[in-house]
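S.K.: Could you have a look at this structure, given as structure tokens, before my questions?
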């Protein structure tokens, strides 16, 4: 949103306060003036001066803020608009559908009901989908002499399964079985693959041409009834099943795949497989799920052929779109100046626009379209058309409310014959949605932007740009840290730890250890990839949480409520150690900026947190971090950029009166 929307309103002070103050001072300075009613001539002068002072104070009081906003505009700083959430939507085909494939059109809409929202959040598909009637219901791991059926693990989406077994060897294969009474379709096969992170620090690699090459080579094949035949790999976003993404396989020849019974699946299936043809994995790849008929979608709606208005031929014309906020790059604006509708180009401002440039400026937040003033090109008035400015198409959406949970995007809007509407949904949570940036956040970003110049070089640069991704609450860069070699400083490597925003901003303590989705890590990777040096090897990690347990005895006054004191103590400690709202700047009734990465636990500061109203003393305070016990009155080192998580049984608090002890 342009900063002009944040300009201070001039003359917004009330002059009545000035009149009241002057009336109150009259007896002190001019005691002989005893008539201060409004009909007295002297009061008329007071009211006139108050009115003039009102105008002057209002202007002077707003000058610093106005100058600051003008300075930000000169630097090109604008409030970041709302960003839409993203998700992967699956469209299963009905078992009775008579064709082998079904087209799900581009911008197909599926809605999610969000508690607290008046209207559902609508998601639109980002591309057309060729859905298969053949249902992927069998998954096996072929180890050569042994075959393991992992179909249940693929369907449950919990712990995941090892794609090539615990001991990965060349020749091991992941087999996918498709059930269908029809002939297997001769179309490209799009497989959505989700990778399971075995631990909190399992990284997401930067996705760019300069990224680390896949560690292994996979050969995709189909079973023709007698042998395995190759399939072309058109695109592999997963880098040989090392990160989540899509695998696009070329079409199998007509009548090529044949139904057969293979491995431990008793019923005949059409079979595809990914065979490890070369290379090696440092860790065996573990998959959460493999799905077909899945397509990316964003929380946005398309608007087509909207009439914006009619040009008068005057400078500085402003037109209003019916819906907003508008997604970046989605508006296609056309103007008819007598030669039919012609496209105009959106620009950030008119500073580089000449008199012949067909340019306009869009306020994405408010939906305002602004044309050039004097000296630039202005749309010509066309008397032959009642409205000659048309928004051919644009998309609206954005906001953190789009970050819905798994299995929530389920309501198909419109009719798609053949699609199983009961099975439509998102297997994993949506991610990346963010509300419009606040002015305070823009001020902080401005200083950091001046320092980084939109490049990620220093530690602070990486953290700054990571926090600009929707859904990221905190970030820390770890120079020289390689997730595969945590105890060795590796030159040229930067790892960025990302902590997501709370799923419920009103109740952040409900999640004691927030973990980002892999989709959010992908967004951070894309953000940092545009700004890192070509020689920097980048990894984005979920935070590591160290398990903390503590025990203490609280001595309280005789009139204190033991249960209330214990609950207040538990809440204070949970808030103090929390990754999002904890830290030294947190208060009993307010949130902080989060427990510092790798911040040590200081004994005296924890005691201060437990000295709540009614507590006379804190005795026998002990800490246990992971599996290590620490002696009384000792500080606890955390280190390693880790955060803290209080275990469910972490708080063994004994509360007693000053005269007698009672366990609460």
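The values are calculated or read from the model by the stated rules, or taken from the named source; none is laboratory data. Quick caveat: nothing in here was measured; it's all calculated off a predicted structure. As a convention, Cβ positions derive from the backbone with ideal geometry for all residues, glycine included, and neighbour counts pool all protein chains shown.
S.K.: Of the conditions (1) surrounded by fewer than 18 Cβ atoms within 10 Å (Cβ to Cβ); (2) out of contact with any strand residue (DSSP E or B) (no Cβ under 8 Å at 6 or more places or on another chain); (3) at pLDDT below 90, residue 445 clears all except one; give me its number.
M.R.: (1) is the only condition that residue 445 fails.
S.K.: Right, another one. I'm checking my understanding of the structure. Among residues of region 246-283 that are surrounded by 15 or more Cβ atoms within 10 Å (Cβ to Cβ) and at pLDDT below 90, which one is nearest to the chain's Cα centre (by Cα)?
M.R.: In this case the residue turns out to be 281.
S.K.: Here's something else I'd like to know. Specify which of the listed residues (479, 505, 483, 512) is within 24 Å of residue 646 (Cβ to Cβ) and in contact with a strand residue (DSSP E or B) (Cβ under 6 Å, 6 or more places away or on another chain). Even if it seems obvious, please write down each step before you answer.
M.R.: Working: 479 fails: within 24 Å of residue 646 (Cβ to Cβ); 505 fails: in contact with a strand residue (DSSP E or B) (Cβ under 6 Å, 6 or more places away or on another chain); 483 fails: within 24 Å of residue 646 (Cβ to Cβ).
The unique qualifying residue is 512.
S.K.: If I ask for residues that are over 33 Å from the mean Cα position of the chain (by Cα), at pLDDT below 85 and not in a loop (DSSP other than H, G, I, E, B), which ones from region 579-616 would you list?
M.R.: Across region 579-616, the qualifying residues are 615, 616.
S.K.: Quick test for you: out of 518, 523, 444, pick the one residue that is closer than 26 Å to residue 86 by Cβ and without any contact (Cβ under 8 Å) to a residue 12 or more places away in the chain.
M.R.: From the options 518, 523, 444, the qualifying one is 444.
S.K.: Can you find a residue that is assigned to a strand (DSSP E or B), touching a helix residue (DSSP H, G or I) at 6+ places or on another chain (Cβ under 8 Å) and modelled with pLDDT of 90 or more anywhere in region 208-226?
M.R.: Within region 208-226 (the criterion being assigned to a strand (DSSP E or B), touching a helix residue (DSSP H, G or I) at 6+ places or on another chain (Cβ under 8 Å) and modelled with pLDDT of 90 or more), the answer is no, since none of the residues qualifies.
S.K.: While we're looking at this one, here's another question. Out of all the residues in region 279-316, which are at positive phi and part of a strand (DSSP E or B)?
M.R.: Within region 279-316, 279, 305, 309 meet the criteria.
S.K.: Looking at residue 570, is it at pLDDT 80 or above and touching a helix residue (DSSP H, G or I) at 6+ places or on another chain (Cβ under 7 Å)? I'd like the intermediate steps shown before the answer.
M.R.: Details: at pLDDT 80 or above: yes; touching a helix residue (DSSP H, G or I) at 6+ places or on another chain (Cβ under 7 Å): no.
Taking the combined requirement at face value, the residue does not satisfy it.
S.K.: Would you please list the contacts, defined by Cβ atoms under 6 Å and residues six or more apart or on different chains, that run from a residue in region 163-191 that is not assigned by TED's automatic domain parsing to the domain that holds residue 259 to a residue that is in a strand (DSSP E or B)?
M.R.: none
S.K.: Would you confirm whether any residue within region 486-494 is under 16 Å from residue 641 (Cβ atoms), in a strand (DSSP E or B) and either assigned by TED's automatic domain parsing to the domain that holds residue 287 or at pLDDT 90 or above (or both)?
M.R.: Within region 486-494 (the criterion being under 16 Å from residue 641 (Cβ atoms), in a strand (DSSP E or B) and either assigned by TED's automatic domain parsing to the domain that holds residue 287 or at pLDDT 90 or above (or both)), the answer is yes, since at least one residue qualifies.
S.K.: Please list, ordered by first then second residue, the pairs with beta carbon atoms under 6 Å, 6 or more apart or interchain, first in region 448-477 and at positive phi, second in a helix (DSSP H, G or I) and buried (at least 19 other Cβ atoms within 10 Å of the Cβ).
M.R.: 471/520
S.K.: Which residues, taken from region 456-472, are outside any helix (DSSP H, G or I) and within 19 Å of residue 491 (Cα to Cα)? Step through it out loud before you land on a result.
M.R.: Keep residues of region 456-472 that are outside any helix (DSSP H, G or I), which gives 456-458, 468-472.
Scanning region 456-472 gives 456, 457, 458.
Matching residues to (1) over 22 Å from residue 647 (Cβ atoms); (2) touching a strand residue (DSSP E or B) at 6+ places or on another chain (Cβ under 8 Å); (3) without any contact (Cβ under 8 Å) to a residue 12 or more places away in the chain:
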residue: 539; (1), (2), (3): yes, yes, no
residue: 542; (1), (2), (3): no, yes, no
residue: 576; (1), (2), (3): no, no, no
residue: 583; (1), (2), (3): no, no, no
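S.K.: Would you confirm, using the coordinates I've provided, whether residue 114 is outside the structural domain of residue 170 (by TED's automatic domain parsing), surrounded by 16 or more Cβ atoms within 10 Å (Cβ to Cβ), part of a loop (DSSP other than H, G, I, E, B) and in contact with a strand residue (DSSP E or B) (Cβ under 8 Å, 6 or more places away or on another chain)?
M.R.: yes
S.K.: Turning to a different aspect of this structure: Evaluate the following for residue 291: is it under 22 Å from residue 432 (Cβ atoms), within 27 Å of the chain's Cα centre (by Cα) and modelled with pLDDT of 95 or more?
M.R.: yes
S.K.: For region 365-380, which residues satisfy the criterion of being buried (at least 16 other Cβ atoms within 10 Å of the Cβ), under 16 Å from residue 336 (Cβ atoms) and over 29 Å from the mean Cα position of the chain (by Cα)?
M.R.: 371, 377, 378, 379
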